[in-house]
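**Student:** What follows is a structure written as structure tokens; I'll ask about it next.
Taken together, the values in this text are just the output of simple stated rules run on the coordinates, not laboratory data. Source: prediction; values computed, not measured. In this analysis, Cβ positions are derived from the backbone assuming ideal geometry, glycine residues included, and neighbour counts consider all displayed protein chains.
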Amino acid sequence: MSLPQRSPATALTRPAGSGQHPGYRPGAPLPRPVARHPHAGMRIQPGVVPMGQRPVVPRPTGERPAPRTVSFLTVAEVAAIMRVSKMTVYRLVHGGELTAVRVGRSFRVPEPAVREYLAGARTDVA
């Protein structure tokens with residue numbers, strides 16, 4: 001199936017200079033924008049420094065403790081480590097037996113919490 005062809009006479013034409021800057025003349029130089037200060041027109045309270053221009057305060061160079069790195073596991077990763085289903089892990093989290101952090105709509109379980117749970121869940125069979 002072919003589309004009907006338009007004749008050149010039915011094409012809409014735009015008036016000359018439409019869509020251009022008012023007073024635009026072809027070949028004439030365009031007006032230059034006026035340079036403004038980045039904070040021109042802003043109200044600045046006395047004693048308040050605009051954002052991005054705050055003075056840099058040197059941090060103390062004393063001994064800092066090493067940052068603790070805690071790795072978080074997903075529910076699926078915990079289930080794989082413990083060899084149980086994800087539903088079992090969810091039950092442990094909701095029951096308060098396994099510590100977890102809610103991130104959005106999902107849970108993240110700190111790795112030490114999994115080790116603590118497994119250490120406390122061991123039973124001696126005689």
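**Student:** For the stretch 72-120, give the magnitude of the charge dipole about the Cα centre (Cβ charges: +1 Lys/Arg, -1 Asp/Glu; no others), in debye to the nearest 20. Intermediate values should be presented prior to the final figure.
**Tutor:** Details: 7 positive and 4 negative charges, 41 e Å.
It works out to roughly 200 debye.
**Student:** Based on the alpha carbons, how large is the Rg to Rh ratio for the stretch 72-120 when Rh follows Kirkwood?
**Tutor:** Rounded to two decimals, Rg/Rh equals 0.91.
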